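Worksheet: the structure to be examined is printed underneath.
The values are calculated or read from the model by the stated rules, or taken from the named source; none is laboratory data. What you see is a predicted model, and the numbers here were worked out from it, not measured in a lab. In this analysis, Cβ positions are derived from the backbone assuming ideal geometry, glycine residues included, and neighbour counts consider all displayed protein chains.
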There are 2 protein chains.
Amino acid sequence: MTYCAAIRLKTGIVFASDTRTNAGIDHISTFKKLFTFGQQGHCFFTIQTAGNLATSQAVISLINNDINEDNERSIYRQNTLFDIANLIGEHATNVAKESERRAVHTGNNFTSSFLIGGQIAGEAPELFLVYGDGNCLHATRDTPFLQIGESKYGKPILDRVINYDNTIDKAIHALLVSFDATIRSNLSVGYPIDLLVYQNDSLAQPTGVRLDTDSVYLNQVRQTWSDGLLGLLDNLDHPPSDYYT
Amino acid sequence: MTYCAAIRLKTGIVFASDTRTNAGIDHISTFKKLFTFGQQGHCFFTIQTAGNLATSQAVISLINNDINEDNERSIYRQNTLFDIANLIGEHATNVAKESERRAVHTGNNFTSSFLIGGQIAGEAPELFLVYGDGNCLHATRDTPFLQIGESKYGKPILDRVINYDNTIDKAIHALLVSFDATIRSNLSVGYPIDLLVYQNDSLAQPTGVRLDTDSVYLNQVRQTWSDGLLGLLDNLDHPPSDYYT
């Protein structure tokens, strides 16, 4: 499985992806699921992937081919993020359908889903989720974050904390905590985490950081959070006596 | 959907169930999913249900019929919780198979899952999860809590907090917080919550409480928890500068 999330704030977009993939529980590997594309001063995009790894990788290869050929499907030649989201949806469904056609065994799920966020010069920054069926939706002020993959464990903290006016700091904190909760509860999501911050209108490709279990700051956040939660729970008042009747 | 959880501690068992059921998103009702059975001084059981509501209700009816007929399948005549868990599994799979046989449309899921916890005089208290296929497992010291239904949103806090030696107070707090997180993130789980505490060796049927959004204590826990989480997040150190590169 996989867990990817991204938050579109007033001042920028924060992206985070885990790196664990598994085919069954005895075939676990580390694969990057966060890919950056961009032309300094013109555009910047991050694509995150979840689902069938072969399909995800094929789509990234097709996107790179289009860029290298500088053909009309190149993501650098699109006018809007919406166009790019649709291109990804088309690549992804073509790959999945072809895989299904060739498959020996039926019932495998060849679909992948994607988050695509970034900015094209002259346009507002945007963030889209492309579903396995190729359709897409975008983050709004009301719902500024999107998730793909194993999203349920880490959703409550984002639901509680995230709004469009948050600082990037707060979004980073919420994502680290959201990923930590997911990784504790589900073996199929694992460290390291790829984390990347895009500042609005920078139109530059950030490097981002890869956070593993030896990251001092990540461990400090995890420990502070864990101690804080336990402390909060310890300090709650005793339940009323009728709870025990 | 549904969310039910139960925690078997050293000193007792705490049970919690939501009460929302839905068939599609426009047919939402309140149904009890936590049922108690017992004979003062002899035995006490709580059964919680998730899944197909018709199957769940049919199983509870069959259990009541067996009790009323005082036949050999009566849960009051079983020697162990394991026997009762198997009885429930047999009832549940019989009902689901019969529903499938009669169904006009294929593809409906007629299965239900159950938590059954309690104590028989002379036996240790136990807690079982009965799967939709009728097989079961029990809570252990290592994994003292079990969940059925929409369990992922509320699992991280239980994973982080719960251990066999916890006080009943702490288990109640963790369950309230776990349910609050689930209800905030998923429309198909809703208040009120049925909460029930069984104290080991009491062999008495507790009344329990039904907690709705007007419950003073529940609201106090929700508010304290929510404020506390936001405060914790606000107090985390700033991310290192390379997170922004």
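Things to note:
- Checking each residue in region A:104-131 for being touching a helix residue (DSSP H, G or I) at 6+ places or on another chain (Cβ under 7 Å), under 18 Å from A:Ala50 (Cα atoms) and surrounded by fewer than 22 Cβ atoms within 10 Å (Cβ to Cβ) picks out A:Phe110, A:Thr111.
Per-residue answers, yes or no, for (1) of a type in the set (Phe, Trp, Tyr); (2) buried (at least 20 other Cβ atoms within 10 Å of the Cβ); (3) in a strand (DSSP E or B):
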position: B:Thr46; (1), (2), (3): no, yes, yes
position: B:Ala50; (1), (2), (3): no, yes, yes
position: B:Ala54; (1), (2), (3): no, no, no
position: B:Ile63; (1), (2), (3): no, yes, no
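- Matching option when the condition is under 14 Å from A:Ser185 (Cβ atoms) and more than 13 Å from the chain's Cα centre (by Cα), among B:Val177, B:Val161: B:Val161
- Any hit, region A:2-17, residues being more than 30 Å from A:Arg184 (Cα to Cα) and either of a type in the set (Phe, Trp, Tyr) or touching a Leu at 6+ places or on another chain (Cβ under 6 Å) (or both): no
- Summed over region A:204-245, the residues that are aromatic (Phe, Trp, Tyr) and either assigned to a loop (DSSP other than H, G, I, E, B) or more than 8 Å from every other protein chain (Cβ to nearest Cβ) (or both) give a count of 0.
- When B:Asp237 is tested against (1) in contact with a strand residue (DSSP E or B) (Cβ under 7 Å, 6 or more places away or on another chain); (2) surrounded by fewer than 21 Cβ atoms within 10 Å (Cβ to Cβ); (3) under 30 Å from A:Tyr217 (Cβ atoms), only condition (1) is not met.
- Of everything in region A:188-203 that is among the small types (Gly, Ala, Ser) and touching a strand residue (DSSP E or B) at 6+ places or on another chain (Cβ under 6 Å), the residue that is farthest from the other protein chains (Cβ to nearest Cβ) is A:Gly190.
- Taking the criterion of being over 14 Å from B:Ala5 (Cα atoms), in contact (Cβ under 8 Å) with a residue 12 or more places away in the chain and surrounded by 19 or more Cβ atoms within 10 Å (Cβ to Cβ), the residues of region B:169-189 that qualify are B:Ser185, B:Asn186.
- Residue match in region A:132-141 (condition: touching a strand residue (DSSP E or B) at 6+ places or on another chain (Cβ under 6 Å), modelled with pLDDT of 95 or more and either closer than 21 Å to A:Val189 by Cβ or β-branched (Val, Ile, Thr) (or both)): yes
- Scanning region A:138-173 for residues that are farther than 19 Å from B:Arg160 by Cα and either touching a Cys at 6+ places or on another chain (Cβ under 8 Å) or not acidic (Asp, Glu) (or both) yields a total of 21.
- Residue check for A:Asp142: surrounded by fewer than 20 Cβ atoms within 10 Å (Cβ to Cβ), free of Cβ contacts under 8 Å to residues at least 24 places away in the same chain and within 30 Å of A:Leu53 (Cβ to Cβ): no
- Region A:101-116 residues that are in contact (Cβ under 8 Å) with a residue 60 or more places away in the chain, paired with ones that are surrounded by 12 or more Cβ atoms within 10 Å (Cβ to Cβ) and assigned to a loop (DSSP other than H, G, I, E, B) (beta carbon under 6 Å, 6 or more apart): A:Thr111/A:Gly132; A:Ser112/A:Asn52; A:Ser113/A:Tyr131; A:Ser113/A:Gly132
- Of all residues in region B:142-184, those being facing another protein chain (nearest Cβ under 8 Å) and assigned to a helix (DSSP H, G or I) number 16.
- Taking region A:65-83 as the range and being in a helix (DSSP H, G or I), without any contact (Cβ under 8 Å) to a residue 40 or more places away in the chain and surrounded by 15 or more Cβ atoms within 10 Å (Cβ to Cβ) as the test, the residues that pass are A:Asp66, A:Ile67, A:Ile75, A:Tyr76.
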